[in-house]
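Report on one structure; see the data block that follows.
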Amino acid sequence: MTNDNRRRGHGRDERAEKRPEGAPAGDICWGRNPVIALLEGDPERCMKVLIAKSAQPHIKAKITELCRANGIIFQNVESAALDRLTDGENHQGVAAYTAQMKLWEPEELLASLPAAPSPALILLCDHLQDPHNLGAVIRSAEAAGAAAVMIPKRGGCLPTGTVVKTSAGAALRLPVVKVGNVSQTIKMLQEADFWVTGLAMEGRDTLFRGDLPPRSAIVVGAEGEGLGNAVAKACDDIRFIPMQGTTGSLNASVAASIAMFEWTRSLGKNNK
């Protein structure tokens, strides 16, 4: 493979029409040796691996073993899907979606934070779909003083080059944490003494009635879908942002930003 971005498969917008249905947009690495090197040397940047059903058994076995060892999602697909994804390059039956930054594990992030009752803010995304929204969320999280942004491994957009660009580079500075089940992640945060507040129009109270606790996790739902039922039930509290007019709902990144800066205001007030 040459060194130009086209042949490395990095983030071509015009490839969107050729991408297999349901595949996330983003930076791509392909070929047996490059993907194996990624999984062995830099697995935290690997988000998902696609393996052709026709791949040689020993190659398939090695790559799936590396994926399992590192907790990375892999999927068996038709070779034609990889042909479309890589614009007909010699993918050798395997391709991987990569992030431009390290993706943290939840346990690693929590271990790096000051112990309770020290203040800290975490934003947990419940399956945001738009990479521009995720980038905006990460940018606002850094500006509001959040410790990290958490995103699910499955079912949401992934932190690709588009996210890094939209975040104005904040995604390279602020820890981005990949999580499995969002409801279980909420329980993990609660065990670490975080008060978990979900944002939803069905909230029990307005976001602005009462300060947010110094040690808070805020959960924002997917565009158009909001919080999942199980996620909402797992939260300690559900709050809504009061609005006027007939819009009906705020953009997910805007809602998350308002809530995070409300935490900043609450923290500043309580520290006076």
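Of the residues making up segment 150-184, those that are within 14 Å of E105 (Cβ to Cβ) and open to solvent by less than 10 Å² (accessible area, probe 1.4 Å) number 6. Based on this model, can you work out whether A147 counts as surrounded by 17 or more Cβ atoms within 10 Å (Cβ to Cβ), over 11 Å from the mean Cα position of the chain (by Cα) and either over 30 Å from Q244 (Cβ atoms) or of a type in the set (D, E, K, R) (or both)? Criteria met by A147. Within segment 238-268, the set of residues being over 18 Å from C157 (Cα atoms) and in a loop (DSSP other than H, G, I, E, B) comprises I241, P242, M243, Q244, G245, T246, T247, G248, S249, L250.
Conditions (1) surrounded by 16 or more Cβ atoms within 10 Å (Cβ to Cβ); (2) closer than 13 Å to E202 by Cα, marked per residue:
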position	(1), (2)
V219	yes, no
G226	yes, yes
V231	yes, no
A234	yes, no
G248	no, yes
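Considering only residues in segment 62-79 that are surrounded by 19 or more Cβ atoms within 10 Å (Cβ to Cβ) and in a helix (DSSP H, G or I), the one that is farthest from the chain's Cα centre (by Cα) turns out to be I63.
Got a number for residues in segment 236-245 being open to solvent by 50 Å² or more (accessible area, probe 1.4 Å) and touching a strand residue (DSSP E or B) at 6+ places or on another chain (Cβ under 8 Å)? Write out each step before concluding.
So in segment 236-245, the residues open to solvent by 50 Å² or more (accessible area, probe 1.4 Å) come out as 236, 240, 242-245.
Those left that are additionally touching a strand residue (DSSP E or B) at 6+ places or on another chain (Cβ under 8 Å): 236, 240, 242.
Final tally of qualifying residues: 3.
Of all residues in segment 25-59, which are open to solvent by 50 Å² or more (accessible area, probe 1.4 Å) and without any contact (Cβ under 8 Å) to a residue 12 or more places away in the chain?
At the first step, the residues of segment 25-59 found to be open to solvent by 50 Å² or more (accessible area, probe 1.4 Å) are 25, 32-33, 37, 40-41, 44-45, 53-54, 56-58.
Result: N33, A37, G41, P57, H58.
Right, W195: within 18 Å of I138 (Cβ to Cβ), open to solvent by 10 Å² or more (accessible area, probe 1.4 Å) and out of contact with any His (no Cβ under 8 Å at 6 or more places or on another chain) or not? If you could, list the steps in order and put the result at the bottom.
On the way: within 18 Å of I138 (Cβ to Cβ): no; open to solvent by 10 Å² or more (accessible area, probe 1.4 Å): yes; out of contact with any His (no Cβ under 8 Å at 6 or more places or on another chain): yes.
When the stated conditions are applied, W195 does not pass them.
The values are calculated or read from the model by the stated rules, or taken from the named source; none is laboratory data. Given the structure is predicted, the values throughout are model-derived calculations rather than measurements. When we count neighbours, we look across all protein chains shown, and the Cβ atoms used for this are built from the backbone with ideal geometry, even at glycine. Just the protein is used for accessible areas: all its heavy atoms, side chains included, with ligands, DNA and RNA removed. Shrake-Rupley method; radii C 1.70, N 1.55, O 1.52, S 1.80 Å.
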